[in-house]
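Nothing in this text is a laboratory measurement; each read-out follows from the coordinates by a stated rule. This structure is a prediction, so every number in the text was calculated from the model and none was measured. With ideal geometry, Cβ positions are generated from the backbone for all residues, glycine too; neighbour counts draw on all protein chains shown.
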Amino acid sequence: MSSLPLTRGVHHVGLTVLDLDATSAFFAEVLGWREVGGRPSYPARFFSDGAGMVTLWQLLEPHAGAGFDRARQVGLHHLALGVADEADLDALWQRALAFPGVRPEFAPEPVGGGPARHFMLYEPGGIRLEVRWPGPPADAPDGVAGAPRVG
């Protein structure tokens, strides 16, 4: 048997949300993702940022829904999204805070000892999101992210 993986990355992540309209608006307006399809009878909507795809499903009985508890349930702990630079991380944090129904968990801060930074929040449909900037490349002069390679 080959030790090579038979898969080629994650095709999409499916998430059940409390409010499909609010979460759809968050993905479109805050994250800038594009709706690429859906199934009104399900109901579900599909969003993409051009690199990945998320399927959002409406919880059929929102009053009966319970938020994820990492100590008592198997399932998605959080969805982590990357950004290209530190300015995008900070801008996205501000956009998210201004969106109705967003519950911040913590503001942008270093991951461990840095230089990576991240923040966590709950979008209006109840999904816990992490947004992460990996920090400047190791060879960036003066720690400037996106600086051209030297040498």
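Measuring nothing but how far apart in sequence close Cα pairs (under 8 Å, 6+ apart) lie, relative to its length, segment 2-142 scores a relative contact order of 22 percent. Here the extension length gained between Arg8 and Ala51 equals 14.2 nm, from 0.36 nm per residue of separation less the Cα-Cα distance. Using the Cβ of Ala84 as centre and a radius below 14 Å, the other residues enclosed give a net charge of -3, where K and R count +1 and D and E count -1. Between Leu97 and Ala138, the modelled label-to-label distance comes to 3.4 nm, taking each label 7 Å out from Cα in the direction of the beta carbon.
Which of rounded, prolate or oblate describes segment 43-113 when judged by the alpha-carbon gyration tensor and an a/c cut-off of 1.5? Taking the square roots of the gyration eigenvalues as a ≥ b ≥ c, segment 43-113 is prolate.
From the coordinates of this entry, Cα extents along the principal axes in Å is computed, and it appears in (i) 39, 37, 29; (ii) 57, 50, 34; (iii) 47, 30, 21 under the label (ii).
Which of rounded, prolate or oblate describes segment 1-83 when judged by the alpha-carbon gyration tensor and an a/c cut-off of 1.5? Provide the component values of the computation, followed by the final result.
Details: a/c = 1.78, a/b = 1.25, b/c = 1.43.
Oblate.
Arrange Thr16, Thr7 by Cβ neighbour counts within 10 Å, fewest through most, would you?
Details: Thr16 19, Thr7 6.
Starting with the residue having the fewest Cβ neighbours, the order is Thr7, Thr16.
Report, for the chain, the % of DSSP beta bridges that are antiparallel, rounded to 5. If I count the DSSP bridges inside the chain, around 70 percent turn out antiparallel. Between the helical axis of 86-97 and the longest alpha-carbon principal axis of the chain there is an angle of about 30 degrees. On full extension, the segment bounded by Glu61 and Asp90 gains 6.9 nm, given 0.36 nm per residue less the C-alpha separation.
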